[in-house]
Every structure is written in C-alpha cells, then in structure tokens.
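Here's the structure we're looking at; comments come further down.
Since every read-out is calculated from the coordinates, none of them should be taken as a lab result. Quantities reported herein were computed from a predicted structural model and do not represent experimental measurements. In this analysis, Cβ positions are derived from the backbone assuming ideal geometry, glycine residues included, and neighbour counts consider all displayed protein chains.
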Amino acid sequence: MCERREKMENYFFDFDGTLADTRQVVVAAVQDSFTQFGLTQPDSVIILGYIGVPPETSFPQMGADLPPEKLATLCQFFRQAYSQHASEIELFAGISEVLGELQAQGKRLFIITSKTNTALRESAELLGILDYFEDVIGCDDVENYKPDPDGIELLVKRYDLEKADSVMIGDAIYDIQMGQAAGVATCGVKWGSQKWAQVQALNPTYQLTDPAEILKL
C-alpha cells in the first residue's frame, strides 16, 4: 500500500449506486430478460445484490444455467433492455455539483464500471456528466472484471497516475475489493449501497453517507 497523500487528486468512480440510482432500471431489465428466455425471474432483492457485477458473472448465479452462446445472447438482450430505459436513470442528489467542484479544483475524474463502455457513455451523456470525466473504463476494456484491479491499473498506466493520491469510490464490496487489490485508497458510499454492512466489514479508507463529503477526501 502506498503512503497516503493529504488530499486526493485522482478519483475513480463506480457508476451504478454511486453516481446514479439505476436500481429500478436494472431490476426491470433483468426480470424482462429472464422472462424472455423462459427463465424464472429473480427477486428484486437478489438482483439488487448483484448490481455492479457484469451479467456474464451474475446471471448464472441468479439461475441462468445456460450454455455459453445462449448466455451471451441473454446478456446482449439485457444490455439492450437496459439501454431502452436509460432515460429513467437519475443522479443521486448532489452528485453533479460535487463533480463540477472537483473538476474546478483540477482533480482528475474517471469512471470504472461493469457496464460496457458504450452503455456507460450513453448513460453519463444523458445525465449530463460525461464531460466531467477524463476517461471511462467499461467491462469490455479489461480482461478481468471487478473485483480484480485491472480497471484501475489500466488508468494508472495510461495517465501515469500516482496511486498514493488516488481513491476508488463505490457502493459495493466489489469496488472496495478492487481498490484494495490495486493499492489505492478506498471509499465506501452508503447512499446507494445494497449491502452496506458488508462494505463496512472490508474497512475502506473512508466511509461516506452524503455525496458532499467526497469533497473532503
């Protein structure tokens, strides 16, 4: 682990549950996808527990016992269904203001998501926040998804970032585990977390309950 700087300079954000409230859209897209493929719909509580995990990993764990080629088709259908409802996604209160202030301070902002790069850019553009970010990393940009550190390592190498003044901010255990594996500071956020006690158990460097607190990192 690198020695921490007094103030963070590089901010790696998760998207779902951290920047934006996507819960209703994700649940609807997953349940519709499972129904279309003749599968039993997972309960909404179960689905919410997998937010932040790529469907290639989460769907089999939710009961989609399918051969690889059919699973790939199911995941594609899900992403299309999600995209069709992207306009229903909302930012958490205060997020836009926080991002604007961080940008004004000269901080470097990035998103690392389990969505595809295209889907993430589409959602961020609709929400009016894409221009705050220097780059975004989707699940199709890395070989290994969260909680592996590939996304962070890619950005660190691409932009010659210092890990000592970098922080991974997310609502899920996968975000915290990724940041810890990469050797950067970690920040758990409560406002979108579905399993806050599990996030706390990982002992992230910071624990926040309001987006405005990001400005104190």
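Relative to the longest principal axis of the Cα atoms of the chain, the long axis of helix 23-36 lies at roughly 30 degrees.
Run through every distinct alpha carbon pair of region 23-87 and return the Kirkwood hydrodynamic radius in angstroms, one decimal place. Walk me through the numbers before you get to the answer.
Working: mean 1/r = 0.0869 Å⁻¹.
About 11.5 Å, per the Kirkwood formula over Cα pairs.
What length, rounded to one decimal in nm, is gained on full extension from His85 through to Ser44, with 0.36 nm per residue of separation minus their alpha-carbon distance? That works out to 13.1 nm of additional length. Dividing the convex hull volume of the alpha-carbon atoms in the chain by its residue count gives 108 Å³ per residue. Between Gln24 and Asp160, the FRET efficiency from the beta-carbon distance, with R0 = 30 Å, is close to 0.15. Using the rule -39500 (n - 2.57) for each DSSP H run of four or more residues, divided by the residues of the chain, the 222 nm mean residue ellipticity is -12000 deg cm²/dmol.
Dividing the mean sequence gap of close Cα pairs (under 8 Å, 6+ apart) by how many residues the chain holds gives a relative contact order of 26 percent. Derived scalar couplings between HN and Hα for region 149-159 equal x, 3, x, 5, 4, 4, 5, 4, 6, 5, 10 Hz in order, rounded to whole Hz, by the Karplus curve 6.51 cos²θ - 1.76 cosθ + 1.60 (θ = phi - 60°), x for Gly and Pro. Using the alpha-carbon positions of region 53-98, Rg (one decimal) and Dmax (whole number) come out as 14.6, 45 Å.
Comparing Cα centroids, region 54-68 and region 190-206 end up 25 angstrom apart.
Are there GluC sites (Glu not before Pro) in region 1-90 that DSSP puts in a loop and that have at most 11 other Cβ atoms within 10 Å, and which ones? Intermediate results must be reported in sequence, preceding the final value.
Values: sites: Glu3, Glu6, Glu9, Glu56, Glu69, Glu88, Glu90; in loops: Glu3, Glu6, Glu9.
Within region 1-90, the qualifying GluC sites (Glu not before Pro) (loop, at most 11 other Cβ atoms within 10 Å) are Glu3, Glu6.
Using the alpha-carbon atoms, what tilt in degrees (0 to 90, nearest 10) does helix 117-126 show relative to the longest principal axis of the chain? The angle comes out at about 70 degrees. Around the amide H of Phe13, modelled in the peptide plane, lie the amide H atoms of Phe110, Ile111, Ile112, Ile169, all under 5 Å away and 5 or more residues distant in sequence or on another chain.
What is the list of residues in region 6-23 whose amide nitrogen lies under 16 Å from a point 7 angstrom out from the Cα of Lys190, following Cα to Cβ? Once the point is set 7 Å along Cα→Cβ of Lys190, 18 turn out to lie under 16 Å by backbone N, inside region 6-23.
How would you rank Met8, Met62, Met168, going from fewest to most other Cβ atoms within 10 Å of each one's own Cβ? Provide the component values of the computation, followed by the final result.
On the way: Met8 23, Met62 19, Met168 30.
With the fewest neighbours first, Met8, Met62, Met168 line up as Met62, Met8, Met168.
For Asp141, Asp160, Asp171, the sequence from fewest to most other C-beta atoms within 10 Å is Asp160, Asp141, Asp171.
Excluding Ile214 itself, calculate the net charge of residues whose Cβ lies under 11 Å from the Cβ of Ile214, where each Lys or Arg counts +1 and each Asp or Glu counts -1.
Values: positive: Lys107, Lys216; negative: Glu97, Glu101, Asp210, Glu213.
Local charge sum for Ile214: -2.
Normalised by the residues of region 23-87, what does the relative contact order come to in percent, with Cα pairs under 8 Å and at least six apart? Here the relative contact order equals 43 percent.
Which order results if Ser83, Ser166, Ser193 are arranged by neighbouring Cβ count within 10 Å, fewest first? Mind showing how you got there, number by number?
Working: Ser83 17, Ser166 25, Ser193 20.
Ordered by Cβ neighbours within 10 Å, fewest first: Ser83, Ser193, Ser166.
With a cut-off of 9 Å between beta carbons, the residues surrounding Asn117 carry a summed charge of 0, where Lys and Arg count +1 and Asp and Glu -1. The residue list Ala93, Gln198, Tyr174 was ranked by how far each Cα lies along the charge dipole of region 73-217 toward its positive end, using unit charges on Cβ atoms, and Gln198 comes out on top.
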